[in-house]
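Undergrad: Input: one structure, supplied below.
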Amino acid sequence: MSIKCTNCQKGITTLKFSDASVITSGKYRVPAVLITLVCPHCSQHYYTEVPAMEFIPCEAKK
């Protein structure tokens, strides 16, 4: 599956990680993580706020 970059119109199957910051969500006023991702073709930045309650812990590797 892929999406199109709104800037360069190329198909994207993976985005580059740029930053993740813990914030208070502007919409719901709850703890959230502001995640910034980047188009691998043209460096267009995209961001989203994910409420902390949506995160699922991964199993620790042994």
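Coordinate-derived values only; no laboratory data. Computed from a predicted structure; not experimentally measured. Counting neighbours? That spans all protein chains shown, and the Cβs are built from the backbone with ideal geometry, glycine included.
Undergrad: Of the residues in the range 16-34, how many are closer than 12 Å to Pro51 by Cα and in a strand (DSSP E or B)?
TA: Qualifying residue count, the range 16-34: 8.
Undergrad: Can you name every residue in the range 12-32 that is under 9 Å from the mean Cα position of the chain (by Cα) and not polar (S, T, N, Q)?
TA: Across the range 12-32, the qualifying residues are Leu15, Phe17, Asp19, Ala20.
Undergrad: So Ile56 passes all but one of these: (1) exposed (fewer than 13 other Cβ atoms within 10 Å of the Cβ); (2) part of a strand (DSSP E or B). Which condition number does it fail?
TA: (2)
Undergrad: Among the residues of the range 40-52, is any acidic (Asp, Glu) and either touching a residue at least 60 places away in the same chain (Cβ under 8 Å) or exposed (fewer than 13 other Cβ atoms within 10 Å of the Cβ) (or both)?
TA: No, because not a single residue in the range 40-52 is acidic (Asp, Glu) and either touching a residue at least 60 places away in the same chain (Cβ under 8 Å) or exposed (fewer than 13 other Cβ atoms within 10 Å of the Cβ) (or both).
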